[in-house]
Amino acid sequence: MKDNHSWPINQKLPQTREAVPAKNTLSSYLPIRTKTNDFNMDVVVGSVLRSLLRKKIENYDYATFEEDCRAMFADKAVKDEFWQVLKEMYFDERDIFTVSPEFLLFHAQKSVIQTDARFAKLFTNLLQNEQIKPLDPSLTFIESEMLSTLRSKMKGEAADTVREQPYLPFISSAFREDLRFLASRPKYLLAEFEKFLSFYAFTYTAQLSLSIGGWRACAEPKAKPLYFIMDHERAGQERPHIKNDGYGAFSDASKKLFPMLSMLELLQTEEDGKKNSSPKRPLWQIARDIEASALQDAVKTKLENFATAFRSQRELRTEFFETDTALDWLGNIMQLAIDQFEVGERLNINKKYVAEVEKYLANHFVQSRGRAGRVMVLNQDYVILLTNIIIGERDKLRFHELLSAFKQRGIFVDKQTEQELVKFYERIGNVERMSDSGDAVYVRKTIR
């Protein structure tokens, strides 16, 4: 049966100790593994652009492109001395990559993509087949001719297969909205794309950590409070939001990621997420499908048998909540997922995983502040980027509306940081204060 609402879990969910896999595997919803996470961001950026544009360059290397440009200019009677100037300006140090985002497709060729495709998949899944029109940067005549040469070698590409339903639809929606704005300004996209992807990789991971345990609601997650300060602020212990809903909350919640996501793999069929099959589903969706299923008794029995087999295979002492409901047995299973990583070598594996998450996804957003410990921070570059993409096509936005949009992207600030933000905006000259009331403070973007 393929109808998730009638049969919401893996039909072949192991029912005996011998059938339970001895190892935990994770292939969806997060790109981090316990090793090999040093991604090449050039490849990631190129891969995301390839998905957005539905264009690719294959079997066409950079050296051949340079030679084609030389031949093209020779046909236009450009003297060799001038070509040497162009070569030095655009090709020797690959400065051509700063002209238009489309040149970055060189980084997304199959001969280049390796483990970096895993990280790119995080963003292409957030895109959910979003497509943008061909980028139209403001170029000189010479640059336009070089871009035309490249475009003559591009080929169309079918949309990516959506292999995962969004775990956090609110993050996916904001990501697509913000990317559409960036794509309308190709030069700004080029300058900020890596930073933009870095931010969304982090906020997605942080919000996933905070949301994953709320699956019993059987509903789409909403943004969970995670409080930041600006990177120049002092972080005193007297600020309860920073202390209780800051780094500590993220760090504790991230310990659930590998245990629960790897268990999520077992709850779905081996085919789910593969080409021409049903996309992988988040845990809250599986819970909702279980709740809506007309086969409650059969699903409950299968989950109970799996829980018993898994506990035996892992030699756990977890006490089950004895129940007649399928959702409660799913709860027993998720408790097993967590308990198996509380002892022995699996405890060390999960510690390693959490450390890798912080090292590769959160390092730009965490700082140590002496007695205050670690805190979540936003530096000025990220503040300006977020401000610009949130204001978008508008001329300005009320400060409190801007803060609401920050929250929709997983960024919460307390009253003290609100004041610091206003001071920062005033220093860079993009604040318009109609009165002393916070409602009358407007923020303008820093780009046209």
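In the chain, the DSSP-assigned H stretches of four residues or longer account for a calculated mean residue ellipticity at 222 nm of -15500 deg cm²/dmol, using -39500 (n - 2.57) per stretch and the full residue count as denominator.
Judged by the gyration tensor of its Cα atoms, with axes a ≥ b ≥ c, the range 153-259 is oblate; a/c meets the 1.5 cut and b/c is at least as large as a/b.
GNM on the chain, alpha-carbon springs under 10 angstrom: the most fluctuating residue among I96, I212, I32 is I96. Search the structure for amide H atoms under 5 Å from the amide H of E164, placed 1.01 Å from N in the peptide plane, and list their residues when 5 or more places away or on another chain. Distant-sequence amide H within range of E164: K280. In loop segments of the range 75-133 as defined by DSSP, the GluC sites (Glu not before Pro) with at most 11 further C-beta atoms inside 10 Å of their C-beta are E93. Across the range 110-166, Cα-Cα pairs farther apart than 18 Å form 55% of the total. Here the Debye sum runs over all C-alpha atoms of the range 22-77 as equal scatterers in vacuum, and log10 of I(q)/I(0) at q = 0.15, 0.16 Å⁻¹ comes out as -0.72, -0.77. Applying 1/(1 + (r/R0)^6) with R0 = 51 Å to the Cβ-Cβ distance of A217 and E145 gives a FRET efficiency near 0.35.
Applying D = kT/(6 pi eta Rh) to the range 76-125, where Rh is the Kirkwood radius over alpha-carbon pairs, T corresponds to 20 °C and eta to 1.002 mPa s, the Stokes-Einstein value obtained is 161 µm²/s. The residues packed around F170, meaning those with a beta-carbon under 9 Å from its beta-carbon, carry a net charge of +1 if Lys and Arg are +1 and Asp and Glu are -1. Only Cα pairs under 8 Å and 6+ residues apart enter the sum, and on that basis the relative contact order of the range 125-239 stands at 32 percent. Across the range 30-38, rounded Karplus estimates of 3J(HN,Hα) from the backbone phi angles (6.51 cos²θ - 1.76 cosθ + 1.60, θ = phi - 60°) give 8, x, 6, 10, 6, 7, 6, 10, 7 Hz, Gly and Pro being marked x. Here the simple spin-label model places points 7 Å from the Cα toward Cβ, and for E401 and K87 these points are separated by 5.4 nm.
The Cβ shell under 9 Å around I338 holds other residues with a net charge of 0, Lys and Arg each +1, Asp and Glu each -1. The alpha-carbon atoms of the range 23-128, seen along their principal axes, cover 64, 26, 22 angstrom, with the largest extent given first. Amide H contacts of Q268 (H built 1.01 Å from N, in plane; Pro and chain starts excluded): N10 sit under 5 Å, all sequence-distant by 5 or more or on other chains. Report the percentage of all Cα-Cα pairs in the range 201-243 whose separation exceeds 15 Å, rounded to a whole percent. Pairs farther apart than 15 Å: 55 percent.
Each DSSP beta bridge with both residues in the chain is either parallel or antiparallel, and the antiparallel ones are about 70%. Dipole size of the chain about its Cα centre, with +1 on Lys/Arg Cβ and -1 on Asp/Glu Cβ: approximately 500 debye, rounded to the nearest 20.
When the range 1-108 is described by a simple charge dipole with +1 on each Lys and Arg Cβ and -1 on each Asp and Glu Cβ, the residue from L49, S100, P14 located farthest towards its positive end is P14. In summary, the convex hull built on the alpha carbon positions of the chain has an orientation-averaged projected area of 25.5 nm².
Net charge near V78, counting Lys/Arg +1 and Asp/Glu -1 over other residues with Cβ under 10 Å of its Cβ? Summing Lys and Arg as +1 and Asp and Glu as -1 gives -1.
Specify the inter-centroid distance of the range 334-363 and the range 149-165, based on alpha-carbon positions, in whole Å. Cα centroid to Cα centroid, the span is 36 Å. Only Cα pairs under 8 Å and 6+ residues apart enter the sum, and on that basis the relative contact order of the chain stands at 23 percent. Around the amide H of L378, modelled in the peptide plane, lie the amide H atoms of I229, M230, D231, all under 5 Å away and 5 or more residues distant in sequence or on another chain. Placing R0 at 45 angstrom, the Cβ-Cβ distance between D136 and S6 gives a FRET efficiency of 0.40 after rounding to 0.05. Model label sites at V343 and Y62, defined 7 Å from Cα along the beta-carbon direction, differ in position by 5.4 nm. Solvent exposure of the range 351-409, expressed per residue, is 46 Å² of accessible area, with all protein chains present and a 1.4 angstrom probe. Computed from the C-beta positions of S368 and S111 and an R0 of 41 Å, the FRET efficiency is 0.50 to the nearest 0.05.
Cα centroids of the range 221-295 and the range 6-55: 15 Å apart.
Hey, for a label at A77 modelled as a point 7 Å past Cα toward Cβ, could you say which residues of the range 128-160 have their backbone N under 19 Å away? Only 141-142, 145 pass the distance filter.
Rolling a 1.4 Å probe over the protein heavy atoms of the chain, with every protein chain left in place, gives an accessible area that is 47 percent carbon and sulfur.
Charging the Cβ of each Asp and Glu at -1 and of each Lys and Arg at +1, and nothing else, the dipole of the range 296-355 about its Cα centre rounds to 380 debye. Radius of gyration (Cα atoms) of the range 278-356, expressed as a multiple of 2.2 N^0.38 Å: 1.24. The length gained on full extension between R234 and K155, counted as 0.36 nm times the residue separation minus their Cα-Cα distance, comes to 23.2 nm. What the Cα convex hull of the range 276-408 gives, in volume per residue, is 252 Å³.
The values are calculated or read from the model by the stated rules, or taken from the named source; none is laboratory data. Bear in mind that the values here come from a model prediction, so they are computed numbers and not experimental data. Heads up, the Cβs are rebuilt from the backbone with ideal geometry, glycines too, and the neighbour counts pull from every protein chain shown. Heavy atoms of the whole protein, side chains included, go into the accessibility calculation; ligands, DNA and RNA do not. Shrake-Rupley method; radii C 1.70, N 1.55, O 1.52, S 1.80 Å.
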